[in-house]
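Right, one structure below, let's go through it.
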Amino acid sequence: MKPKEIAELVYAVGGPGLSHPTDCCVYLVDAGKELVLIDAGAGPGAEAILRNVEALGFDPTGIGHLVATHCHIDHIGGISRIKEATDCMLMGHQLDRDGIELGDRRLTAADLYGIEYWPTKIDMILEGAEEKRVLGNLEFHFVATPGHTPGSIAVYLDLEEGRVLFGQDVHGPFSEDWGSDIDEWRRSMEKLLRLDADLLCEGHAGIFRGEDVRDYIESQLRRYRQL
Ligand SMILES: [Zn+2]
Ligand SMILES: [Zn+2]
């Protein structure tokens, strides 16, 4: 598979088949004055992610911000390498700080993957229920979506063709080891449904458009109804 444009200004640059089998889906936003990367993959695919950015015609050193949507290794393992190559600012939520900054192997689920993680300091800590930041020429909205992990965040952007939502862990799963909370997750999913996004970029399940966005989130809520 090759890196590709998903919507105007939004690209898929990492994931199984694109960078490394252990990687979550990694997305790139062309914010004009800078590039913004959503998640970093597990680590072994970091070089491939940077090559994919280049293959799309961008200079990887233009990555100004990297958003860690939560502290699991398949999303954060590539941070240290990408930061080293690009000098980008790392963004993440206060409540997933122990995983990202201390590298607790239980919180990051690194043992599950058998991958080494290099703890990295978060440069821009998010803590509110919803925060707005202008990165490059675009306004990014960061929404706290606790449940999968306490510090999970979703990101959305209003672009010309509609609202694009990066919901990296809509599908769960849940574990006491990471501090999952299924009731919080349900409330977070209701929050995402209210955003009424036109495009959902998910962390493992890929891309959903139009009506499929709502259908997918609702199907996950049904799937975990018994828990
Ligand atoms: Zn996760
Ligand atoms: Zn994941």
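The values are calculated or read from the model by the stated rules, or taken from the named source; none is laboratory data. Since the model is a prediction, treat every value here as computed from it, not as a measurement. Neighbour counts run over all protein chains shown; Cβ positions are idealised from the backbone, glycine included. Keep in mind that these areas ignore ligands, DNA and RNA; they rest on the heavy atoms of the full protein, side chains included. Shrake-Rupley method; radii C 1.70, N 1.55, O 1.52, S 1.80 Å.
For the stretch 210-220, check the following and say yes or no: at least one residue is of a type in the set (Val, Ile, Thr), open to solvent by 10 Å² or more (accessible area, probe 1.4 Å) and closer than 29 Å to HIS20 by Cα. No: the stretch 210-220 contains no residue that is of a type in the set (Val, Ile, Thr), open to solvent by 10 Å² or more (accessible area, probe 1.4 Å) and closer than 29 Å to HIS20 by Cα.
Restricted to the stretch 137-178, and to residues there that are away from ligand 1 (no atom under 16 Å from the Cβ) and charged (D, E, K, R), the residue that is surrounded by the fewest Cβ atoms within 10 Å (Cβ to Cβ) is GLU160. On the given criteria, is GLU34 modelled with pLDDT under 95, open to solvent by 20 Å² or more (accessible area, probe 1.4 Å) and charged (D, E, K, R)? Against the criterion (modelled with pLDDT under 95, open to solvent by 20 Å² or more (accessible area, probe 1.4 Å) and charged (D, E, K, R)), GLU34 does not qualify. When the stretch 1-31 is examined, which residues are found to be in a strand (DSSP E or B), farther than 19 Å from GLY162 by Cα and open to solvent by 20 Å² or more (accessible area, probe 1.4 Å)? Hits for the stretch 1-31: nothing passes. Taking the stated definitions as given, is LEU66 buried (at least 23 other Cβ atoms within 10 Å of the Cβ) and either away from ligand 1 (no atom under 16 Å from the Cβ) or farther than 19 Å from LEU126 by Cβ (or both)? So LEU66 fits the description; yes.
Kindly indicate the residue of the stretch 31-63 that is within 10 Å of the chain's Cα centre (by Cα) and within 16 Å of ligand 1 (Cβ to nearest atom) and also farthest from HIS20 (Cα to Cα) among those meeting that condition.
Residue satisfying both the conditions and the ranking: ILE38.
Quick check on ILE49: is it open to solvent by less than 10 Å² (accessible area, probe 1.4 Å) and touching a residue at least 40 places away in the same chain (Cβ under 8 Å)? Criteria not met by ILE49. What are the pairs with Cβ atoms under 6 angstrom where one residue, in the stretch 93-108, is assigned to a helix (DSSP H, G or I) and the other, located anywhere, is among the small types (Gly, Ala, Ser)? Sequence gap at least six, or different chains. Final answer for the pair search is LEU95/GLY151; ASP96/GLY151; ILE100/ALA68; ILE100/GLY92. Of GLY99, GLY114, GLY128, all but one fail to be modelled with pLDDT under 95, over 20 Å from GLU202 (Cβ atoms) and either touching a helix residue (DSSP H, G or I) at 6+ places or on another chain (Cβ under 9 Å) or away from ligand 2 (no atom under 16 Å from the Cβ) (or both); the exception is GLY128. Using the structure shown, decide if HIS204 is within 16 Å of ligand 2 (Cβ to nearest atom), closer than 28 Å to GLU34 by Cβ and not in a strand (DSSP E or B). Yes: the conditions hold for HIS204.
Of the strands (runs of 3 or more DSSP E) entirely within the stretch 136-201, those holding at least 2 residues that are in contact with a Gly (Cβ under 9 Å, 6 or more places away or on another chain), within 21 Å of LEU28 (Cβ to Cβ) and away from ligand 2 (no atom under 13 Å from the Cβ) occupy 138-144, 153-159.
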